[in-house]
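Below is one structure; the comments refer to it alone.
Bear in mind that the values in this text are calculations on the coordinates, not laboratory data. Because the structure is a prediction, the values reported are computed rather than measured. No Cβ is skipped: glycine too gets one built from the backbone with ideal geometry, and neighbour counts run over all protein chains shown.
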Amino acid sequence: MLSILIPTYNYNVYPLAKELENQANNCNITYEIICFDDGSSSDKNIENEKINLLKYSSFKVLPQNIGRSKIRNLLASNAQYDWMLFLDADTEINNLDFLNRYLKNITKDDQIIYGGIVYQKNRPKPDKVLRWVYGNHREALTLSQREKKPYISFLTLNFLIHKSVLKKIKFNEDIPNLRHEDTLFSITAKANQIKIKHINNPVVHLGLDTNQIFLKKSLESVYALKILIRDNYLTFNDTQLSKTANTLKTYKLDTLFILSFSLFKPMLKKNILSSSPSLFIFDLYRLGYYLNLT
């Protein structure tokens with residue numbers, strides 16, 4: 001028995017729900033598909049309403065935006081089955097054995113199972129290349145790469161979890177709605193000795209932001225990281241960015257770095273927003289931004 005839970009915002013999730021229905025029926029399992037729109041009031045919800053016509057499926061729009069953590073907890077509280085599969089709305093299933101592969105990997109000892117993510121093979125238009133480059137190099141990791149760092153390489157866009165586990169380590173609803181909820185979730189799982197099992201069952205990430213928007217979101221994520229560390233939700237050692245920043249502070253090199261960042265910031269940003277962005281320069285930019293915040 002499986003509850004498939006999809007949070008969405010201003011996105012047509014009907015094709016994903018329809019594919020999941022087809023696969024669930026082929027698996028001959030008891031299931032449900034629940035989709036909540038986080039108060040977007042989008043025209044796309046006209047198409048999403050068709051989900052309510054699918055058997056064992058439902059879609060509804062929340063009256064107001066409640067954020068990434070809270071909507072996942074709300075979906076879980078509405079799920080009736082013990083195993084819950086969370087998928088982001090802007091993902092695509094390109095494997096006819098996707099659901100069956102998750103089901104075959106469940107054992108009595110499993111608590112969280114993460115399938116992974118891939119990106120389109122063809123290089124996108126120049127104005128969306130930053131997200132694609134970052135995703136391919138930092139998120140679309142092989143199974144062996146993920147297994148080496150099972151908690152750091154976990155993302156919340158494609159994972160299976162037992163309801164009893166999520167009751168124990170719910171998504172934190174007190175943190176800023178600015179990303180890093182997946183980082184905090186995996187670190188909390190590690191602290192509670194909850195195993196994350198990695199398997200080769202990726203979805204395709206479709207939602208490629210423009211370079212400008214992705215940079216903006218990335219800086220929001222850096223700001224969220226600062227808040228989470230300040231408020232003791234995370235430590236400096238939980239991300240490479242904060243760990244590097246702390247090392248610079250320890251050796252009293254942070255002031256020099258900030259001065260250099262202020263001088264070269266326009267040049268760094270020009271590269272980041274170009275058609276051939278460097279992830280090394282992207283990391284330097286985020287590091288400079290982080291140190292400025294602190």
**Request:** Jot down the per residue volume, in cubic angstrom and as a whole number, of the convex hull over the alpha-carbon atoms of the stretch 1-95.
**Result:** 87
**Message:** I need the phi-derived Karplus couplings for the stretch 233-247: 6.51 cos²θ - 1.76 cosθ + 1.60, θ = phi - 60°, integer Hz, Gly and Pro marked x.
**Reply:** 7, 10, 10, 4, 7, 7, 9, 5, 4, 5, 5, 5, 4, 5, 5
**Request:** Consider all pairwise Cα distances in the stretch 129-175 and report the whole-number % of them above 14 Å.
**Result:** 66
**Asked** How large is log10 I(q)/I(0) at q = 0.20, 0.23 Å⁻¹ when the Debye formula is applied to the Cα atoms of the stretch 165-294, each weighted equally and without solvent?
**Response** -1.25, -1.38
**Request:** Run the numbers on the chain and let me know its relative contact order in percent, using alpha-carbon pairs under 8 Å that are six or more apart.
**Result:** 19
**Request:** Going by C-beta contacts inside 10 Å, put Asp82, Asp209 in order with the fewest on the left.
**Result:** Asp82, Asp209
**Item:** Most fluctuating residue given options Leu228, Leu130, Leu263, as computed from a GNM of the chain linking Cα atoms under 10 Å
**Value:** Leu263
**Prompt:** Cα-based Rg (one decimal) and Dmax (whole number) for the stretch 105-184, in Å?
**Reply:** 15.1, 47
**Asked** What span do the alpha-carbon atoms of the stretch 225-288 cover on each of the three principal axes, reported in whole Å from largest to smallest?
**Response** 37, 23, 16
**Message:** Output wanted: per-residue J couplings in Hz (rounded whole) for the stretch 72-78, from phi through Karplus 6.51 cos²θ - 1.76 cosθ + 1.60, θ = phi - 60°, x for Gly and Pro.
**Reply:** 5, 5, 5, 4, 5, 5, 8
**Request:** Assign one of three labels to the stretch 1-48, namely rounded, prolate or oblate, based on the Cα gyration tensor with a ≥ b ≥ c the square roots of its eigenvalues; rounded applies when a/c is under 1.5, prolate when it is not and a/b is larger than b/c, and oblate otherwise.
**Result:** prolate
**Fill in**
Here D for the stretch 64-222, in µm²/s, from Stokes-Einstein with a Kirkwood Rh over Cα pairs at 10 °C and 1.306 mPa s, works out to 96
**Asked** Taking the Cα centre of the stretch 2-209 as origin and charging only Cβ (+1 Lys, Arg; -1 Asp, Glu), how large is the dipole, in debye to the nearest 20?
**Response** 640
**Message:** Contact order normalised by length for the stretch 124-218, with contacts defined as Cα pairs under 8 Å and 6 or more residues apart; what percent is it?
**Reply:** 47
**Asked** So for Phe59, Phe280, fewest C-beta neighbours within 10 Å to most, what's the order?
**Response** Phe280, Phe59
**Item:** Hull-based mean projected area of the chain, where the convex hull spans the alpha carbons, in square nanometres
**Value:** 15.7
